[in-house]
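Taking it in order: structure first as structure tokens, then the write-up.
The values are calculated or read from the model by the stated rules, or taken from the named source; none is laboratory data. The structure displayed is predicted, hence computed values, not measured ones. Ideal geometry is used to build each Cβ from the backbone, glycine not excepted, and the neighbour counts take in all protein chains shown. Note: accessible area is taken over every heavy atom of the protein model, side chains too, but ligands, DNA and RNA are not part of it. Shrake-Rupley method; radii C 1.70, N 1.55, O 1.52, S 1.80 Å.
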Amino acid sequence: HKMSGTVGDLSPEQAAVLAGVKERLEPLKVGEFAVETNALDDATTLRFLRARKFDPQASFDMLSEAIKFRTTFAGIGVEQITPAMIPNELAKHHTFFHKTDKLGHPIVVIRARDHIVSTRNLEEAHKFLIYCMEYGKKLLTAPNERVSLIFDMTNFGLGNMDYSMVKILLECFQKYYPESLHHAYILNSPWLFWGCWKVIKPWIDPVTAGKVHFVDTKQLQEFVAPENLLREHGGVDEHPEYLK
């Protein structure tokens, strides 16, 4: 049995690394980074350790960076982003949580066609992304520590291709919310997107790239039950629940 590196399933070596990293984080529990450091539980800490293959120094560095990011984001910290700061993004309904996949992971739906690069404010879009990440974090209950993404590429055009936001999204998952992605399903992708994908793919680490699946509505049902899928995605549910 290979230890999974999750709470309650650690080898003695993994447990020692966890204890060592927690000890090194102790000084951050007072001062500027106190709130975020004190909020760290073992489950979250272990996500960073797994992402860095339990390398003590690399794990500590990654956690420190994330604590700083969480504390200082937008000058107020990630938990202080409110709907009032992201009204334009919320109004577009391009990203929302909807039910779960067959394994119980919460699903995030992203409708590419409703994201218009020329009209979006990058700063607001970045805040909106963090708001979604924090919203999703609250939906995760152990042992389900990951979300699945459905990128709905129906009617996608080049005006929807936001390379800046893709970079920010990848950085978020890879640096600040590691081990949080189960699978990403690229749904009904038009041939036009293949050129974009060639640009994006080198930015993605190999482990994350392995979680990306190109699917049509029929193939999507292998992973998500029809009653948990919206009608527009091949399911039977007619009620999207938009973020407020």
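Need the full-extension length gain, residue 239 to residue 34, defined as separation in residues times 0.36 nm minus the C-alpha distance. One decimal, nm.
Working: separation 205, 0.36 × 205 = 73.80 nm, distance 4.08 nm.
Once the chain is fully extended between residue 239 and residue 34, it gains 69.7 nm.
Sort 194, 203 by heavy-atom solvent-accessible area, probe 1.4 angstrom, most to least.
194, 203
Taking Cα atoms, how many degrees apart are the long axis of helix 12-25 and the longest axis of the chain, rounded to 10 and kept between 0 and 90?
Between the helix axis and the principal axis of the chain, the angle is about 90 degrees.
For residue 74 and residue 123, calculate 0.36 nm times their separation in residues minus their Cα-Cα distance, and state this gained length in nm to one decimal.
Additional length available on full extension: 16.8 nm.
Give me the percent of the accessible area of the range 170-244 that comes from carbon and sulfur atoms, probe 1.4 Å, all protein chains in place. Could you put the intermediate results ahead of the total?
On the way: 2300 of 3980 Å².
With neighbouring chains kept in place, the figure for the range 170-244 is 58 percent.
What angle, in degrees between 0 and 90 and rounded to the nearest 10, separates the Cα long axis of helix 56-72 from the longest principal axis of the Cα atoms of the chain?
Tilt relative to the chain: about 60 degrees.
Based on C-alpha coordinates, I'd like the Rg and Dmax of the range 1-87, in Å.
Calculated on Cα positions, Rg and Dmax stand at 14.6, 49 Å.
Modelling each spin label as a point 7 Å along the Cα-to-Cβ direction, I'd like the residue 116/residue 231 distance in nm, to one decimal.
My value for the distance between the label points is 2.6 nm.
Compute the orientation-averaged projected area for the range 117-196 from the convex hull of its Cα atoms and round it to one decimal in nm².
5.8
Between 83, 143, 12, which gets the highest mean-square fluctuation from a Gaussian network model of the chain, Cα cutoff 10 Å?
Looking only at 83, 143, 12, the biggest GNM fluctuation is shown by 12.
What is the spin-label model distance, in nm, from residue 3 to residue 198 if the labels are put 7 Å beyond Cα along the C-beta direction?
Output for this residue pair reads 4.6 nm.
Report, in deg cm²/dmol and to the nearest 500, the calculated mean residue ellipticity at 222 nm for the chain, where each DSSP H run with n ≥ 4 adds -39500 (n - 2.57) and the sum is divided by the residue count.
Numbers: 10 runs with 97 residues, N = 244.
That comes out to -11500 deg cm²/dmol.
Using 5 Å bins from zero, what percent of all Cα-Cα pairs in the chain falls into each bin?
Going out from 0 Å in 5 Å bins, the chain shows 1, 6, 13, 16, 18, 17, 13, 9, 5, 2, 0 percent.
Given a 1.4 angstrom probe, what's the average accessible area per residue across the range 47-96, in square angstrom?
Details: 2240 Å² over 50 residues.
Normalised by residue count, the accessible surface of the range 47-96 is 45 Å².
Could you sort 69-77, 100-108, 235-243 so that the peptide with the highest average Cβ count within 10 Å comes first and the rest follow in order? Mind showing how you got there, number by number?
On the way: 69-77: 14.8, 100-108: 18.1, 235-243: 12.9.
Put in order of decreasing packing, that is 100-108, 69-77, 235-243.
Given the range 1-150, what percent of its DSSP beta bridges are antiparallel, to the nearest 5? Working shown, then result.
Numbers: 5 of 8 bridges.
The answer is about 60 percent antiparallel.
Give a residue-ordered list of calculated ³J(HN,Hα) values for the range 236-244 (Karplus: 6.51 cos²θ - 1.76 cosθ + 1.60, θ = phi - 60°; whole Hz; x for Gly, Pro).
In residue order, the calculated couplings are 10, 7, 10, 10, x, 9, 6, 5, 9 Hz.
Residues of the range 193-232 with the amide nitrogen closer than 14 Å to a label point 7 Å from the Cα of residue 102, along Cα-to-Cβ, please.
Those under the cut-off are 218-229.
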